[in-house]
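To start, the structure itself, in structure tokens.
The values are calculated or read from the model by the stated rules, or taken from the named source; none is laboratory data. These figures come from a predicted structure and were not determined experimentally. With ideal geometry, Cβ positions are generated from the backbone for all residues, glycine too; neighbour counts draw on all protein chains shown. The protein model used for the area step is the full one, side chains on, heavy atoms only, and it has no ligands, DNA or RNA in it. Shrake-Rupley method; radii C 1.70, N 1.55, O 1.52, S 1.80 Å.
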Amino acid sequence: MARPRRVMLLVDFDNVSSEVIAQAFDITLSEYGAVHVRRAYCTAEQAQHNAGFLKKLSLRPMVNLSVGKNSTDIALAVDAMDLVIAERP
């Protein structure tokens, strides 16, 4: 029996506008029907400022407290690898 698809949407909110995220989310839903994991990687300030938008799309803010260059990118990449191993998207 075929396994159902497990679609996961991980967003680098540091580098992508909310308009682009909304478009990507709509396209993903239209193609796959559901998104099982929804995460937005961002700073605490961005999460607070965009709380309504994140809530509307049920995107879980993954707040990055590190301030080094590419720290959000690294956090997203590490989580993506963990999800690939654990969830088999």
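What pairs come out if I take residues in the stretch 53-70 that are over 18 Å from residue 20 (Cα atoms) and pair them with residues that are open to solvent by 40 Å² or more (accessible area, probe 1.4 Å) whose C-beta lies under 6 Å away, six or more apart or interchain?
62/39; 63/44
Taking the stated definitions as given, is residue 39 of a type outside the set (Phe, Trp, Tyr) and either modelled with pLDDT of 90 or more or within 15 Å of residue 80 (Cβ to Cβ) (or both)?
Working: of a type outside the set (Phe, Trp, Tyr): yes; either modelled with pLDDT of 90 or more or within 15 Å of residue 80 (Cβ to Cβ) (or both): yes.
Answer is yes for this residue.
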